[in-house]
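Below: one structure, written as structure tokens.
The values are calculated or read from the model by the stated rules, or taken from the named source; none is laboratory data. Just so you know, these numbers come straight off a predicted model, no measurement behind them. No Cβ is skipped: glycine too gets one built from the backbone with ideal geometry, and neighbour counts run over all protein chains shown.
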Amino acid sequence: SKTHKIAVIAGDGIGQEVMPEGLRAVEAAARKFGIDIEFSHFDWAHCGYYAQHGKMMPDDWFDQLKGFEAIFFGAVGWPATVPDHVSLWGSLLKFRRDFDLYVNLRPVRLMPGVPCPLANRKPGDIDFYVVRENTEGEYSAIGGRMFEGTERETVIQESVFSRKGTDRILKFAFDLAQSRPKKHLTSATKSNGIAITMPYWDERVEAMGAKYPDVRRDKYHIDILTAHFVLNPDRFDVVVASNLFGDILSDLGPACAGTIGIAPSANINPTRELPSLFEPVHGSAPDIFGKNIANPVATIWSGAMMLDFLGNGEGKYRQAHDAMLAAIEEVLVNGPTTPDLGGKSNTTEVGKAIAAAI
Ligand code: NAD
Ligand code: IPM
Ligand code: MN
């Protein structure tokens, strides 16, 4: 059978602590279902490398990684030593752009056993996807500073919404909505205030929607949409959003579902010509690093999404994914859990328990 080549980059902070548990769980599932994986570890794309080399990655990073089927990624950022925009534009955001990982798929699910901060919500009430545009939008490198140091000092940054970039993320989101029982798509907009790019976004949503007559769609301005995430999370099925809006919604959603410590993501290039990247939604959490108390579930769940991706959601790959999710649920219900879930156990204990349950 085929050997899947996976690059592993743990990165900074708790990325170093959760990645071993992500690997432990993926290895357990791969062994159980007869999936052949070869991991290659890369000790760059972290701020320690920057301290030594004055850059986040070697110059040939693209060539080193381009042949892998996927990248399993921890987190990057250590703002005490490297400004965040330098470390992130020097690594993760490069991967997203240069590998054209235009889909950032972020499930939001209230899991059994997880205390919900919203009143009277049970598993099933919160179960949707944030589909985030991942290569353009508000995350642009276009702009600059003018009249620096004078009273007229001005900073400009452009947003970019190309027809191709907008339509391809919308198509992915509509396809996903169409494949789900509720067939419902929500678009995050702000076309009342952001009066050039967002009316364009709305226009493209309508044009794409016309091709999906069986997908019910609605749209909310981002401000009230955040309120509905808290007050009516059961309303959502697939939420499609620009880069920045999707970033915000994909921390808010998991917080509404109990903790950002379990939220996974898949950064996908659907052409599969370049590696897709799987990582927790959360960052390097310098505030808890070194204590081994980070929740490894987000990384383990991301690993499950990676296995599913390797097999196109079919056969033993889908079974491996489902077994990992079942093991996560079992451990969320019965323990052990980390402190973000009110538990007293550490990262390694939770990781080992999930691997054993697989
Ligand atoms: P963060 O996600 O790292 O942490 C936010 C809060 O959530 C912190 O209190 C942290 O302790 C907690 N938290 C995060 N993950 C957790 C886990 N697995 N278990 C338990 N608690 C967890 O966000 P931040 O503090 O805004 O950013 C810290 C650094 O990480 C910055 O450098 C930032 O740029 C970077 N960052 C990187 C990524 C990424 O690599 N994908 C994502 C977000 C932030
Ligand atoms: C995420 C992160 C990144 C983003 C940061 C670290 C640049 O917050 O993956 O959600 O904004 O995309
Ligand atoms: Mn984010």
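A compact table of results
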{"read-out": "Checklist (1) charged (D, E, K, R); (2) under 20 Å from I300 (Cβ atoms); (3) touching a helix residue (DSSP H, G or I) at 6+ places or on another chain (Cβ under 9 Å); (4) more than 16 Å from ligand 2 (Cβ to nearest atom) applied to D43, failing item", "value": "(2)"}
{"read-out": "Top-ranked residue in region 83-102 [being part of a loop (DSSP other than H, G, I, E, B) and within 16 Å of ligand 3 (Cβ to nearest atom); ranked as surrounded by the fewest Cβ atoms within 10 Å (Cβ to Cβ)]", "value": "L101"}
{"read-out": "Qualifying residue in region 15-35 (condition: in a loop (DSSP other than H, G, I, E, B) and away from ligand 2 (no atom under 16 Å from the Cβ))", "value": "yes"}
{"read-out": "Only one of A45, A80 that is within 14 Å of ligand 1 (Cβ to nearest atom), among the aliphatic types (A, V, I, L, M), under 16 Å from P275 (Cβ atoms) and not in a helix (DSSP H, G or I)", "value": "A45"}
{"read-out": "L65 under 24 Å from G261 (Cβ atoms) and among the aliphatic types (A, V, I, L, M)", "value": "no"}
{"read-out": "Lone unmet requirement of (1) surrounded by fewer than 16 Cβ atoms within 10 Å (Cβ to Cβ); (2) in contact with a Gly (Cβ under 6 Å, 6 or more places away or on another chain) for M56", "value": "(1)"}
{"read-out": "Filter result for D63 (out of contact with any Lys or Arg (no Cβ under 8 Å at 6 or more places or on another chain), within 16 Å of ligand 2 (Cβ to nearest atom), modelled with pLDDT of 95 or more and under 19 Å from I6 (Cα atoms))", "value": "no"}
{"read-out": "Residue list for region 322-355, restricted to those being without any contact (Cβ under 8 Å) to a residue 24 or more places away in the chain and over 23 Å from P117 (Cα atoms)", "value": "D322, E349, A353"}
{"read-out": "Filter pass, D251 being farther than 19 Å from S91 by Cβ, under 18 Å from the mean Cα position of the chain (by Cα) and surrounded by fewer than 18 Cβ atoms within 10 Å (Cβ to Cβ)", "value": "yes"}
{"read-out": "Output for region 240-257, where each listed residue is within 19 Å of P199 (Cβ to Cβ) and more than 14 Å from ligand 1 (Cβ to nearest atom)", "value": "V240, A241, S242, F245"}
{"read-out": "Considering residues of region 28-57 that are in contact (Cβ under 8 Å) with a residue 12 or more places away in the chain and charged (D, E, K, R) only, the residue nearest to A75 (Cα to Cα)", "value": "K55"}
{"read-out": "Residue among T271, T259 that alone is farther than 17 Å from L23 by Cα, of a type in the set (S, T, N, Q), over 11 Å from the mean Cα position of the chain (by Cα) and more than 15 Å from ligand 3 (Cβ to nearest atom)", "value": "T271"}
